[in-house]
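Participant: The structure under discussion is supplied below as structure tokens; questions concerning it will follow.
The values are calculated or read from the model by the stated rules, or taken from the named source; none is laboratory data. Everything quoted here is computed from the prediction, not taken from an experiment. Note that each Cβ is placed from the backbone with ideal geometry, even for glycine, and that neighbours are counted across all protein chains shown.
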Amino acid sequence: MKYEKEVIKKIFEVSNDIEQIKYHLFVYLKNYNLSNDDISDIIKIIPKENKYFEVRKAIISSIFYRSNFKTFLKQKEKLKDSYKSYNNIIDSFNKLADELNIKNTLELSLLFSYTLYNGYFSFNKKHFYKIEDRLSISNFYAADIFNGGGVCLNYSDMLTDILNKRGYDAAIITNKISTVKRSYTPNLKMNIIKPKLSTKIEGLIFRPISNIIGNHACTLIIDKNNPYIYDATNLTMFDCVSQKKATHTLGSGSIKLTPYFGMIVATNEQNINAFERLCLYKEFNNPYSRKDFIITAEYNYEKYDNNTSIFNSFNDSIMPSINNILKKVKK
């Protein structure tokens, strides 16, 4: 099946918004088997103005999407028993959420962070934020969590899968985070293993890449027909104010969003739907306020602290699935 040049030209005619153009091109081209000649021809269609430079990069990135998705499908077949166990864990977590009377995405996200930080997803009931000694299995990032560690990408990936399974449109969204100050932090401690000097130096070497795709991962969530950003790593939330920017709900500062990279690693329609809301919306209203976050975190975390037996039972119930996953992915 061959793409139609007229469709691509029409995309540029109906909108001047760069993010909308990128989104529509991505959705249209993602199902086509494009050759290098096709890519060259499509790039020639793009207007020459400097403002369309980002669009040219996006077209090239579509190649990586197809490559990533094909790799994901092959890996899913290879690790199908592990994915089955992973789905069992997600189902068990959603049963836990039902038992705790979780009603919305904010409560669900905060429950995820509580379960994560306290090690209830881990084989040894311990969890550490650590950059080194990770399994780093592409498109199965949650495996690190079951092994007792992880970073932002692992957390945002698993939370996205939980939300998707529960029927919500959500996706990993990368961003460029710099100085963000919090005026409120829930009473939940993250254990951190500091990286070695060599790892820090490596980070400096790859900084030009992180400046493009972002240096942090969060979860883009659609709730009450509006998008917001939940940061499971830093236990905080951001208000989307445009397709490229979100401001800190619980303090000062903002993050620069890089939604197109998230599209490249997307693996289902709910991921794409979340980006559609972000890229096509003109007005943004976070369904949850600073007050909502604080009241929910304070009330629910106190309730959870007084009911640890239910979390211990949850950990016991998923342990066979955790062991099955680690046995396979550590080979």
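Okay, residues lined up against (1) modelled with pLDDT of 95 or more; (2) in a helix (DSSP H, G or I); (3) on the phi < 0 side of the Ramachandran plot:
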| position | (1), (2), (3) |
| --- | --- |
| Y65 | no, yes, yes |
| I90 | yes, yes, yes |
| D98 | yes, yes, yes |
| F121 | yes, no, yes |
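Participant: Just give me the residues in segment 23-44 being modelled with pLDDT under 75 and charged (D, E, K, R), in sequence order.
Facilitator: Answer for segment 23-44, where residues must be modelled with pLDDT under 75 and charged (D, E, K, R): K30, D37, D38.
Participant: Take segment 80-100 and flag every residue that is closer than 15 Å to F121 by Cα, over 20 Å from the mean Cα position of the chain (by Cα) and charged (D, E, K, R).
Facilitator: K95
Participant: Considering (1) closer than 26 Å to I310 by Cβ; (2) modelled with pLDDT under 90; (3) not hydrophobic (A, V, I, L, M, F, W, C), say which one K125 fails and leave the rest.
Facilitator: (2)
Participant: Further, regarding this structure: So, in segment 143-168, of the ones that are closer than 20 Å to C279 by Cβ and crowded, with 24+ Cβ neighbours inside 10 Å, which residue ends up modelled with the highest pLDDT?
Facilitator: Taking the candidates together, the pick is L163.
Participant: Moving on. I want to confirm something. Restricting to segment 1-30 and keeping residues that are charged (D, E, K, R) and not in a helix (DSSP H, G or I), which single residue is nearest to S242 (Cα to Cα)? So that I can check it myself, show each step before the final result.
Facilitator: Residues of segment 1-30 charged (D, E, K, R): 2, 4-6, 9-10, 13, 17, 19, 22, 30.
Next cut, not in a helix (DSSP H, G or I) only: 2, 4, 17, 30.
Details: K2: 34, E4: 30, D17: 11, K30: 24 Å.
Checking each candidate, the answer is D17.
Participant: Here is a further query. If only one of I221, I318 is in contact (Cβ under 8 Å) with a residue 12 or more places away in the chain and part of a helix (DSSP H, G or I), which one is it? Quick ask: steps written out before the conclusion?
Facilitator: Working: I221 fails: part of a helix (DSSP H, G or I).
The conditions single out I318.
Participant: With the checklist (1) modelled with pLDDT under 90; (2) within 30 Å of V27 (Cα to Cα); (3) not in a strand (DSSP E or B) in hand, flag the one item K331 doesn't pass.
Facilitator: So K331 meets the others, but not (2).
Participant: A follow-up question, please. Consider S85 against the criteria (1) in the same structural domain as K244 (by TED's automatic domain parsing); (2) modelled with pLDDT under 70: it satisfies all of them except one. Which criterion is unmet?
Facilitator: Result: S85 fails condition (2) only.
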